[in-house]
Amino acid sequence: MRVIIVGGEELVYFLGRLLISGGHSVSVISKNPEDCSEIVRQIKALVICGDGADPRRLEEAQAMRADAVIAVTPRDADNLAVCQIAKHRFEVPRTVALINDPDNETLFKDLGVTLVFNQTRMISSLIQQELSIEDIVNLLPIKEGKVIATEVRIRETHACAGKTLVEMALPKDTLLSVIIRGDSVIIPRGDTKLLADDTAVLISTPQAQGAALRKLTGE
Amino acid sequence: MRYREYIRRKYLTIVGHVGTLLLGVALFLLLSLAALIQFPEELPHAPWFVVPALITAVIGAVFRLAGRSAGKMTLSLADGGIIVLLSWTLAMVLSALPFFLSGLLNYRNALFESVSGWTTTGLSVLNVETTPNIFLLWRSLMQFGGGAGLAIVMLSAIVGPHARGLYQAEGRTEQLLPNVKHSANVIIRIYVCYTALGAILYVVGGMSLFDAVNHSLCALSTGGFSTRVASIGYYDSPFVEVTTVVLMFLGATNFATHYVLLHGNHRAFFRNGEVRLAATLAIFFIPVILVAVALPLYSVEKALRVSLFEPVSALTTTGYTTVSYADWSDFGIACLLVLMLIGGGICSTAGGIKQYRVFLLLKSLAWEAKRYISPATAVHEHYIWRGESKFYVDSDHLKESGAYFFLYLCTYAIGVLILLACGYSLRDSLFEFASALGTVGLSVGITAPNAPALMLWTEMAGMFLGRLEFFVIIYSLISAARDIGSSLTSA
Amino acid sequence: MFVVIIGCGRLGSRLAIEASKGGMNVVVVDKNKRAFDLLTAEFSGFQVVGDASNQEVLRSAKISDADIVAAVTDNDNVNLMVAQAAKHLFGVGKVLARVTDPLKAEIYAQLGLKVLCPATVAADAIGAEMLK
């Protein structure tokens, strides 16, 4: 797949590296000349120095051939312009935008951006669940954060330790999908017991996440 | 020479606008002839209004023509202040003519009555019992006009290119709508509607139509001229008193707040600092005056009515009374004094230091305390609710309010000293000058036709300064003096 | 008539003054408070300090009540986003956006947005003058 990343600094570099290692071909458009030379030294990509919302720069980054455009500049307005121009001028099938202002999510969707990453909402939803975050090992938003995969380390003090799934009775819209015990991976059933030092992967909606985690940790 | 020409054109433009405002004053003078509909026997007094109206109209027309010769010119906010200052002064002088020409009052007392009218004070040197009704209506009309403000009345009809300067120069800091003309229009509409409503309520309460119209005009404008010697006390009716209390409160409420409330935004209304302060003051002072002053003096029912009416009259700077203060304790007088100094809402018809400034300064004390306990590097952005939105208060804004507060108290002190020098007691001087400066109109009885000239002039100055809020007058005078000075030296 | 003008630069301030003189209700939004210094005494509308790409700021300017919104900041992308938000989110009847890049202007014009490109306008005017 051909992907164009618009933005600057480290996010572009790491994103580009991941995509390249996944076998995709990547072009980068970045405003800052210093960032550009840094990126071009680190990853094998076509790097264009300039404004990503300028149709000419997008064309030079081969937007005509691109399968996706990812806009991760710090400004919402710039990201929207990049995605809209890519979509309407170059008919790029998939556009991804990063947003800061959570209010912009619906607007961007209405205006035809395929995927909107709402980083503010993700962070704030985590905080608002009032959880002891130290037990959450990893967190992965799926489908723009509509579903969240949470990796939780189970401790002896937790309410769920030594209980079966049936006994725990997790709330609606949640699923304990995998238990990792030592080196083995267990797909749990109703009679599977959770033990201390297990790592459990919980799939849930953001709304149910808090309740499920409280069930597990007993707080 | 070039600069001189510029100054000449600027002042011609200013004079042109003053002319327009004066034409409005002429119209107002003629409006008092409406009293003849009910009192046709007073027709012989008509010339005392027609002649001044003609004089005013001629001056206004000449000014307008002079202004037209200057061509189009953009005026700054400061120039708006000069327009307001000039037109108020001229309006007050010309409005004194009916009293003077008819021989009812000498020139000084005529001017006193006119100044007291336009500034919506309500102190009077006229014996209302012997005065023909047409003059009484004229006093009420002056208060009505003065309450809305000359410029506001004019702005709602015509929009000049310098509208905002005029609007602000008359002490209106808040706009209701994002256009001055529309804001002025809304103010006039709210104002006229309330007045009509007030008149109807008074008639229901048993007043004659003439008295009802006069009292409604003067209650809403927080003026306080009455057609009776005993003021509202004459009617001795709880219904009339409650109606007056409501009208006074309406008059002393910021028009922007009215607008918010009339649009059903209750949250913004209760969040407003002025509303909160006024409510707090009422809740505190009404029981205090009831217990400490009224109950020992009057019967329980009368005491309740007095302790509701008098503090509200003082706070709203209206000046209607139902009792004489002669037998009040010093404590009761002091309570009224504090309320008179605080006054009504900014952008209302009331006077005083204004609830907004007092609220802001009180609030700033809390902010100061908060700043003291936060880290030195913490950043503070303080706000208050104004209309429907937050207003961020910067230190300049606070400084201005602080300076106004200080200037007000200084002027107050000077005025009190002059009254003391005239031979009045400390209690009387403190009360009477607070009443004049706050454009209240409550009196302990020392303002009278035969009072010393110095005292009457002092009170006139106090009313004028209080209504136009000092700064406009000071800045305008400074800027006018500078213009004159520099145009002379550049010649 | 209620107009919201986004951006109080040379163009925005002039627009605001003219609209205000014409008796319209005008609200001007700019993220820089000093920008309002360009407004003369003839302007009698409201000023809102804030970044227009933040929808909260647009709401505090009462944009949903506006009859006309003109987005004329010096940032094309902000203008475009605000204009589209006004049209699609707040249902404003008439929306104008200034876009300095003629190519970008063309793309958005095709999307049905009312876009004004100063360079194109000036070029047309000068061209017409030359051909005369």
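The values are calculated or read from the model by the stated rules, or taken from the named source; none is laboratory data. For clarity, every value in this text was computed on a predicted model and none was experimentally measured. Neighbour counts run over all protein chains shown; Cβ positions are idealised from the backbone, glycine included. In case anyone asks, the SASA skips ligands and DNA or RNA and just uses the protein heavy atoms, side chains included. Shrake-Rupley method; radii C 1.70, N 1.55, O 1.52, S 1.80 Å.
Here are the numbers:
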read-out	value
Per-residue SASA entry for B:GLU469, accessible area with 1.4 Å probe, Å² rounded to 10	20 Å²
Whole-number percent relative contact order across segment A:131-217, with pairs defined as alpha carbons under 8 Å at least 6 apart	37 percent
Assigned charges on the beta-carbon of Lys, Arg, Asp, Glu; segment A:2-118 dipole about Cα centre (debye)	520 debye
Efficiency of FRET between B:GLU400 and A:ARG17 - r from beta-carbon atoms, R0 56 angstrom, step 0.05	0.45
Prolate/oblate/rounded label for segment A:131-217 (Cα gyration tensor, a/c 1.5)	rounded
Buried on assembly, segment C:50-69 (at least 20 Å² less accessible surface than by itself, 1.4 Å probe)	C:SER53, C:GLN55, C:LYS62
Chain B, relative contact order in percent, only Cα pairs under 8 angstrom and at least six apart counted	17 percent
Cross-link reach list, lysines versus A:LYS215, counting only Cα pairs under 28 Å and skipping chain neighbours closer than eight places	A:LYS143, A:LYS146, A:LYS163, A:LYS172, A:LYS193
Between segment A:204-219 and segment C:31-50, the alpha-carbon center distance in angstrom	49 Å
18 Å cut-off, amide nitrogen to a point 7 angstrom out along A:ASP110 Cα→Cβ, residues in segment C:1-16	C:4
Gain on full stretching of the segment that runs from B:CYS193 to B:ILE478 - 0.36 nm per residue minus C-alpha separation	98.7 nm
Estimated FRET transfer efficiency when R0 is 35 angstrom, pair A:SER177-A:VAL40 (beta carbons, to 0.05)	0.30
Alpha-carbon centroids, segment B:414-464 and segment B:338-367: separation in whole Å	22 Å
Cβ-placed point charges (K, R +1; D, E -1), dipole of chain B about Cα centre in debye, nearest 20	1660 debye
Note, ³J(HN,Hα) from phi for segment B:129-135, Karplus 6.51, -1.76, 1.60, rounded to Hz, x at Gly and Pro	5, 9, 7, x, 4, 4, 6
Segment B:1-125, relative contact order [Cα under 8 Å, separation at least 6], %	31 percent
Estimated vicinal HN-Hα couplings, Hz - segment B:108-119 in sequence order (Karplus 6.51, -1.76, 1.60; Gly, Pro = x)	6, 5, 4, 5, 4, 4, 5, 5, 4, x, 5, 7
DSSP bridge pairs, the protein assembly as shown: antiparallel proportion in percent, nearest 5	40 percent
Highest-fluctuation residue, C:ILE68, C:ILE17, C:ILE107 considered, GNM on chain C with Cα pairs under 10 Å	C:ILE107
Cβ-isolated cysteines (cut-off 4.7 Å), chain A	A:CYS83, A:CYS160
FRET efficiency, B:ALA34 to B:LEU488 (Cβ-Cβ, R0 51 Å, nearest 0.05)	0.60
Label zone at B:ASN106, where the point sits 7 Å out along the Cα-to-Cβ direction: segment B:447-491 residues whose backbone N lies under 19 Å	B:447-461
Charge sum, other residues only, whose C-beta stays under 13 Å from C:ARG98's C-beta, Lys/Arg counted +1 and Asp/Glu -1	+1
Extension gain, B:LEU365 back to B:TYR234 (0.36 nm per residue minus Cα-Cα distance, nm)	42.8 nm
Whole-angstrom gap from segment C:98-132 to segment B:237-270, using each part's C-alpha centre	53 Å
Check: segment C:1-72 dipole with +1 on Lys, Arg Cβ and -1 on Asp, Glu Cβ, in debye	160 debye
Simple spin-label estimate for C:ALA128 and A:ALA159 in nanometres, 7 Å along Cα-Cβ	7.5 nm
In the B-C interface, the accessible area buried, summed over both sides, Å² (probe 1.4 Å)	1300 Å²
11 Å beta-carbon shell around B:PHE100, net charge (K/R +1, D/E -1)	0
Global form of segment C:2-131, assessed from the alpha-carbon gyration tensor, a/c cut-off 1.5	oblate
Accessible area of the protein assembly as shown divided out per residue, in Å², using a probe of 1.4 angstrom	44 Å²
Under 5 Å, built H, 5+ apart or other chain: amide partners of C:LEU96	C:VAL69, C:ALA70, C:ALA71
Global form of segment B:337-387, assessed from the alpha-carbon gyration tensor, a/c cut-off 1.5	oblate
Inter-chain Cβ neighbour average for residues C:24-37, partner chain, 10 Å	1
Net charge of neighbours whose Cβ lies under 9 Å from the Cβ of A:SER27, counting Lys and Arg as +1 and Asp and Glu as -1	0
Distance between modelled label sites at B:ARG276 and A:LYS146, nm, 7 Å Cα→Cβ extension	4.4 nm
Heavy-atom accessible surface of the protein assembly as shown: percent carbon and sulfur, 1.4 Å	62 percent
C:ASN32 paired with B:ALA61, simple spin-label distance in nm, labels 7 Å along Cα-to-beta-carbon	5.2 nm
Whole-Hz couplings from phi, Karplus 6.51/-1.76/1.60, listed for segment B:253-267; x for Gly and Pro	8, 3, 4, 5, 5, 3, 4, 4, 5, 5, 8, x, 8, 5, 4
